[in-house]
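Worksheet: the structure to be examined is printed underneath.
The values are calculated or read from the model by the stated rules, or taken from the named source; none is laboratory data. Predicted, not measured: the structure shown is a model, and the values here were computed from it. Here the Cβ positions follow ideal geometry from the backbone for every residue, glycine too, while neighbour counts run over all protein chains shown. Protein only, heavy atoms only, side chains kept; ligands, DNA and RNA dropped before computing areas. Shrake-Rupley method; radii C 1.70, N 1.55, O 1.52, S 1.80 Å.
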Amino acid sequence: MRKLKFTVRAQRRHSGKVKQESRNIKLATKRAARDKKKAEAARIAGLIRATRFSQLKAMRNDELADQLKIYKLVLKRTGFSVTL
């Protein structure tokens with residue numbers, strides 16, 4: 001009878017370690033993306049909403065983009081308005 005170089009248990013441990021490394025890399029990228037999204041949402045939530053046209057008129061493009069993000073990310077989630 002021939003001796004095995006590795007036992008089945010050792011092979012499973014080795015393959016598990018290899019899979020764990022790739023899994024940790026994937027999870028790290030997903031966690032970084034989630035944290036980035038959370039930080040952006042916190043930044044947007046802290047912005048002041050422009051309620052008058054004159055305020056919007058005085059803004060630059062990046063500030064206007066932030067105002068649109070406020071509408072898309074904050075106001076749409078908090079509720080909806082009904083028009084008749």
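For K5, indicate whether it is outside any helix (DSSP H, G or I) and loosely packed, with under 10 Cβ neighbours inside 10 Å. It is true that K5 is outside any helix (DSSP H, G or I) and loosely packed, with under 10 Cβ neighbours inside 10 Å. The set of residues in the stretch 12-54 being in a helix (DSSP H, G or I) and of a type in the set (A, V, I, L, M, F, W, C) consists of V18, I25, L27, A28, A32, A33, A39, A41, A42, I44, A45, F53. Among the residues making up the stretch 18-54, a single one is over 13 Å from L73 (Cβ atoms) and touching a helix residue (DSSP H, G or I) at 6+ places or on another chain (Cβ under 8 Å): A50.
Of the residues making up the stretch 55-84, those that are open to solvent by 90 Å² or more (accessible area, probe 1.4 Å), at pLDDT below 80 and either in contact with a helix residue (DSSP H, G or I) (Cβ under 8 Å, 6 or more places away or on another chain) or not in a helix (DSSP H, G or I) (or both) number 5. Restricting the first member to the stretch 14-42 and to residues that are of a type in the set (G, A, S), and the second to residues that are surrounded by 10 or more Cβ atoms within 10 Å (Cβ to Cβ), the beta-carbon pairs closer than 9 Å and six or more apart or on different chains are A41/L73; A41/V74.
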